[in-house]
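As structure tokens, the structure follows; a few thoughts come after it.
The values are calculated or read from the model by the stated rules, or taken from the named source; none is laboratory data. Here the structure is a predicted model, which means the values were calculated and not measured. Cβ placement follows ideal geometry from the backbone for every residue including glycine, while neighbour counts extend to all protein chains displayed.
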Amino acid sequence: MIKVRGIDVFSRPLEYLTPLGEQVGEIIREWVEKEVIPYRREFDEDYLEHRLILPPFKKLLGEYGIQRILFPEDLGGWGLGHSDYLCVAAFRMFEEIARADSGMAVAFGVVFWPLVLICCEPHVNRRLCEEFAPMFTGTTEPVFSCLAMTEPQGGSDIENVEVLKGSTIRTTAVRDGDEWVINGHKLWPTNTGGVADLMAVVCTTNPGSRNPEDIAIIFVPCDRPGVTQGPAYEKAGMAADKNGDIWFENVRVPLWYRACGPGDDAKYYGEVVSLGNMGSIAFAVGVMLNIYEKLQEYVNRKTYRGMPLKENDAVAGVLADFAATIEAVRIIGYQCARMCDRQDLYGPRWTPEIVARARAHRYFAADRALEAIGKVMNLMECFGPDRDWDVEKHWRDIKMVQLWLGGKQLSQMEVARWFFECETL
Amino acid sequence: MNDLELFPYPKNRLQKTDLDLAASLQNLVQKEIVDKRLELKEDYEGLLKPNLRKLLVEIGLQRMFWPESLGGEEHNGPEAAYTVAAALEQVGRADTGLAYLAAHNLALQAALAMRENLDTEACARFAPLFCDGRGPVIVSFLLPVFGEDGKAPTWRGKSFQVKARAASGSWILDGRGVRPTCSGVDADLFGAWCAVENEEQPAFILVPGDASGLSRGPEFKKTGLAASRNADLDLSGVQVPLENCLFRGETEYRRLLSWLYLGISATAVGGLLAAYQILKEWGDNRVIKGTGNVFKENPLTGALMGEIAQDISMARLLAYDLAGMLADPPSFGDAGSDGVFTAALMIVHQVLATAERAIHRTMELMASAGYAKEWQLERYWRDLKTVQCYVGSHELAKHDFARWFYGARTL
Ligand SMILES: Cc1cc2nc3c(=O)[nH]c(=O)nc-3n(C[C@H](O)[C@H](O)[C@H](O)COP(=O)(O)OP(=O)(O)OC[C@H]3O[C@@H](n4cnc5c(N)ncnc54)[C@H](O)[C@@H]3O)c2cc1C
Ligand SMILES: Cc1cc2nc3c(=O)[nH]c(=O)nc-3n(C[C@H](O)[C@H](O)[C@H](O)COP(=O)(O)OP(=O)(O)OC[C@H]3O[C@@H](n4cnc5c(N)ncnc54)[C@H](O)[C@@H]3O)c2cc1C
């Protein structure tokens, strides 16, 4: 074994770190080393069954109990929904998981994504917390959530709340007595394909309406009659995240399953978008950290004219660019997380301003990561696309980080709209 | 108008036979591959292998250069470069991997059977294999790689993977963990650029796939190019006749590579044309920003589509520029000259970099659909990246450019 510097050499703003995040980060590091990295080369073929992917999740989410973290302490959670360090801690966890497998990091992150709407200050929905906490805290089995936004006619438009104001949402929630009756078709949400136990569904209470009050985010336990999930799609990568169709046929849930209420659902939708972008940067960083490790092995082991490959100036130039990308993107990511945490300093994380900043950070990070990883693959020549070196897997996986959350172009529009005060984009 | 004709290429330089071949390939691959790929995906036995046979044997790409007297078509003048470009972009549109394999086959033919440098003896020995109609000949190369483990001798900064020595009327070849350019699992013929013991001059030696002492490792998984099932090889005292050494000179080796790079450039253009067709279908129908605004009419996404079309056009023109150089040695020099080789290397790298950018952008525009196997785009994205890596490190290629343009000597 060649002794090389490990992944901890890359800068993080130390003043942002939290003891909890660091502790859990260490636990996750050990977990990925033992439970994930040894098996991940088979994940692509496991996309439908998750025979290899589910057991490590059972340990992390269920047995270590990390699936509880957002719920209030008196409901068996860790109370992180009340903290102002949730995002920085989450960033660390996401990085660590993505280092092994960014698809797993996504599936993990999305467990908490919709729960943010009911567990975080200042919009804690105590009744829903009480309703759903037992699902997550009363078991050692892994429990998954999903946030169902995307529909067959398009995902970006549904996230483009500021301009389209929910007018393109086709999944309807109709009030019937003290219940919602939900009908519609979603596709692509993370943790579908039969994985999710609980979903938050972005609906309209008045199709075609541009009134934000008509956007409703409603929780639906997946075992309700009328919920059907299709099998997972086959994708270029991210096998550990199952994505499929979900059909809702007269699905009934109580009225109070609505996350935050008229107007507030639309408002706090921005929050999940900000956090989704923040998490995406962590996925990109985690992936690059692992590629750094792989690359260390490669350029130390391979030789060029009798010297390790890294001692060649041209190779070193590529290595430097890769390290510089990690340095810069990681700092951007932690800054994004910090911004989402310290709403007292930066303002609420659901506003178009923070959404725009987080989108800017994310698409910049994803673009840089892809470019940098592409160059590393090329440097490795025929070993770059070789599954045994793991780099290509990360390259395939991380492409999606650039594409989701409304695609890159929607991100550009939201960034331009905020920074340049565009009015008609 | 055939939508592939939208992208500029020097049609006036192509012979009628080239255009006819391209047209019949276009029809064939549409019916046999493109229309079936949703169902058969990248299935090797069900889709790729039978079509490799169709292309190489039935259409006869593997007979193209060989002398007629040996069963070939003797289309072996330099103008065949245009034929290679026109044919492989059609094949590449259907499946990048198949075109990549065909490019190898054609490059070997060009190296042996070009009219100007016809190697009669080698043709007589090897043409029958290609022309007997029995089956496709999968050709693979064992070329130097960047950063070999150990202290192997190098060629232009790359370490030889195979060592050869001549002993009592044979070549004896050795190499461990040798990574072929393609098809380690299936290749019928390996062309190895070998370091020769105690000699300066390397040798290009053909090794039949069933040679004793040659063992193939298990197929390894990789990003793309399903048609090229690859595996590492061990050559342990593999003995082949002295005549299997096709050449010792760098000129011949560079000529082989220049033709290979032409084939690969055309392959990549084919992949881009496929991506174009997939995106076009999507952009014609996808509505964004609420109702009525078709994707291609949005100023931003429309501009990106325009940029992709620009990239595809430039890549196609470049690939045909290379064909033009190879087709006209009196004007540009031999395909194996340093100047033409450098140009070929620059072009293949540029085409692949352009392809990478264009197909990344296409994926961006199609978002999840681009990422889903169902839409077929992602396979081209994986394939083209794989091809780029197999062509080699851009950093080392840049050294070749610096050698040629600035006279760098020690890189
Ligand atoms: C692994 C994975 C995980 C996913 N997870 C989830 C999830 O958890 N929940 C969920 O709901 N969905 C999820 N998705 C879906 C994903 O978020 C959507 O694919 C994404 O939002 C884009 O939507 P779309 O694919 O429908 O593309 P479209 O909305 O059709 O967009 C296509 C293109 O148009 C561009 N575009 C869109 N609007 C504009 C505009 N106004 N101006 C200019 N250009 C524009 C986009 O940038 C994109 O390039 C996931 C997808 C994958 C593959
Ligand atoms: C506006 C301006 C302000 C400046 N201010 C100052 C100042 O305040 N104080 C001062 O002292 N100088 C100053 N400089 C000079 C500047 O710092 C030098 O030009 C710079 O350090 C590069 O040195 P050089 O021009 O001699 O180039 P060289 O040192 O000759 O380098 C030429 C090229 O070789 C590359 N190179 C060098 N070494 C290596 C290596 N080991 N491996 C690979 N590549 C290498 C370099 O990257 C560069 O591309 C200033 C210059 C300008 C234009």
**Request:** Output the residue which, of all residues in the stretch A:397-420 that are of a type in the set (Gly, Ala, Ser) and either free of Cβ contacts under 8 Å to residues at least 12 places away in the same chain or more than 7 Å from chain B (Cβ to nearest Cβ) (or both), is nearest to B:ARG379 (Cα to Cα).
**Result:** A:GLY406
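To keep it simple, each residue is scored yes or no on (1) within 14 Å of chain A (Cβ to nearest Cβ); (2) within 14 Å of ligand 1 (Cβ to nearest atom); (3) buried (at least 24 other Cβ atoms within 10 Å of the Cβ).
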site	(1), (2), (3)
B:MET314	no, no, no
B:LEU322	no, no, yes
B:ALA335	no, no, yes
B:GLN350	yes, no, no
B:ALA353	yes, no, no
B:ALA367	yes, yes, yes
**Asked** In the stretch A:130-199, which strands (runs of 3 or more DSSP E) lie fully inside it and hold 3 or more residues that are under 22 Å from the mean Cα position of the chain (by Cα)?
**Response** A:145-148, A:179-190
**Prompt:** Given the conditions (1) without any contact (Cβ under 8 Å) to a residue 40 or more places away in the chain; (2) over 27 Å from B:ALA113 (Cβ atoms), which single one is not true for B:GLN161?
**Reply:** (2)
**Item:** Which listed residue, of B:ALA127, B:ALA99, is under 19 Å from the mean Cα position of the chain (by Cα) and more than 14 Å from chain A (Cβ to nearest Cβ)
**Value:** B:ALA99
**Item:** Tally of residues being facing another protein chain (nearest Cβ under 8 Å) and touching a residue at least 12 places away in the same chain (Cβ under 8 Å) across the stretch A:300-326
**Value:** 3
**Request:** With a cut-off of at least 3 residues that are surrounded by fewer than 19 Cβ atoms within 10 Å (Cβ to Cβ) and outside the structural domain of B:MET114 (by TED's automatic domain parsing), name the strands (runs of 3 or more DSSP E) lying wholly within the stretch B:205-269.
**Result:** B:233-241
**Message:** Restricting to the stretch B:365-399, name every residue that is at pLDDT 95 or above and either in contact with a Cys (Cβ under 7 Å, 6 or more places away or on another chain) or among the acidic types (Asp, Glu) (or both).
**Reply:** B:GLU378, B:ASP383, B:CYS389, B:TYR390
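Name every residue in the stretch A:369-396 that is within 16 Å of ligand 1 (Cβ to nearest atom), at the interface with chain B (Cβ under 10 Å from one of its Cβ atoms) and buried (at least 24 other Cβ atoms within 10 Å of the Cβ), in order of residue number.
A:LYS393, A:TRP395, A:ARG396
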**Prompt:** Hey, any hits in the stretch A:238-251 for a residue that's among the charged types (D, E, K, R), in a strand (DSSP E or B) and within 14 Å of chain B (Cβ to nearest Cβ)?
**Reply:** yes
**Request:** Inspect all residues belonging to the stretch B:313-325 and state whether any of them is farther than 15 Å from B:VAL351 by Cβ and either part of a helix (DSSP H, G or I) or within 18 Å of the chain's Cα centre (by Cα) (or both).
**Result:** no
**Message:** Let me confirm something: among A:ALA356, A:ALA365, which residue is of a type in the set (Gly, Ala, Ser), more than 10 Å from every other protein chain (Cβ to nearest Cβ) and surrounded by 24 or more Cβ atoms within 10 Å (Cβ to Cβ)?
**Reply:** A:ALA365
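Let's see how each residue does on (1) out of contact with any Ser or Thr (no Cβ under 7 Å at 6 or more places or on another chain); (2) among the hydrophobic types (A, V, I, L, M, F, W, C); (3) in a helix (DSSP H, G or I):
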{"site": "B:CYS123", "(1), (2), (3)": "yes, yes, yes"}
{"site": "B:PHE126", "(1), (2), (3)": "yes, yes, yes"}
{"site": "B:PHE130", "(1), (2), (3)": "yes, yes, yes"}
{"site": "B:GLY133", "(1), (2), (3)": "yes, no, no"}
{"site": "B:SER140", "(1), (2), (3)": "no, no, no"}
{"site": "B:GLY147", "(1), (2), (3)": "no, no, no"}
{"site": "B:ALA164", "(1), (2), (3)": "yes, yes, no"}
{"site": "B:LEU173", "(1), (2), (3)": "yes, yes, no"}
**Request:** For the stretch B:103-115, indicate whether the set of residues that are more than 14 Å from chain A (Cβ to nearest Cβ), in a strand (DSSP E or B), out of contact with any Asp or Glu (no Cβ under 7 Å at 6 or more places or on another chain) and surrounded by fewer than 22 Cβ atoms within 10 Å (Cβ to Cβ) is non-empty.
**Result:** no
**Filter result for A:MET339 (in contact with a helix residue (DSSP H, G or I) (Cβ under 6 Å, 6 or more places away or on another chain) and not basic (Lys, Arg))** = yes
**Message:** Being touching a strand residue (DSSP E or B) at 6+ places or on another chain (Cβ under 8 Å), more than 21 Å from A:GLU162 (Cβ to Cβ) and in the same structural domain as B:ILE264 (by TED's automatic domain parsing) is true for just one of B:GLY283, B:GLY302, B:GLY306. Which residue is that?
**Reply:** B:GLY283
**Request:** Select from the stretch A:141-168 the residues that are in contact with a strand residue (DSSP E or B) (Cβ under 7 Å, 6 or more places away or on another chain), within 18 Å of A:ARG258 (Cβ to Cβ) and within 11 Å of chain B (Cβ to nearest Cβ) and list them in ascending order.
**Result:** A:ILE158, A:GLY166
**Prompt:** Among the residues of the stretch A:397-408, which ones are aliphatic (A, V, I, L, M) and either part of a loop (DSSP other than H, G, I, E, B) or near ligand 1 (Cβ under 6 Å from one of its atoms) (or both)?
**Reply:** A:MET400, A:LEU405
**Fill in**
Selection from the stretch A:133-184 of residues within 8 Å of ligand 1 (Cβ to nearest atom), under 18 Å from A:ALA266 (Cβ atoms) and modelled with pLDDT of 95 or more yields A:LEU147, A:ALA148, A:MET149, A:THR150, A:GLU151
**Prompt:** Restricting attention to the stretch A:181-235, which residues are in contact with a Leu (Cβ under 9 Å, 6 or more places away or on another chain) and within 13 Å of chain B (Cβ to nearest Cβ)?
**Reply:** A:PRO189, A:THR190, A:GLY193, A:ARG210, A:GLY230, A:PRO231, A:ALA232, A:TYR233, A:GLU234
**Request:** Read through the list (1) out of contact with any helix residue (DSSP H, G or I) (no Cβ under 7 Å at 6 or more places or on another chain); (2) among the hydroxyl-bearing types (Ser, Thr, Tyr); (3) in contact (Cβ under 8 Å) with a residue 60 or more places away in the chain, then give the number of the only condition that B:TYR82 fails.
**Result:** (1)
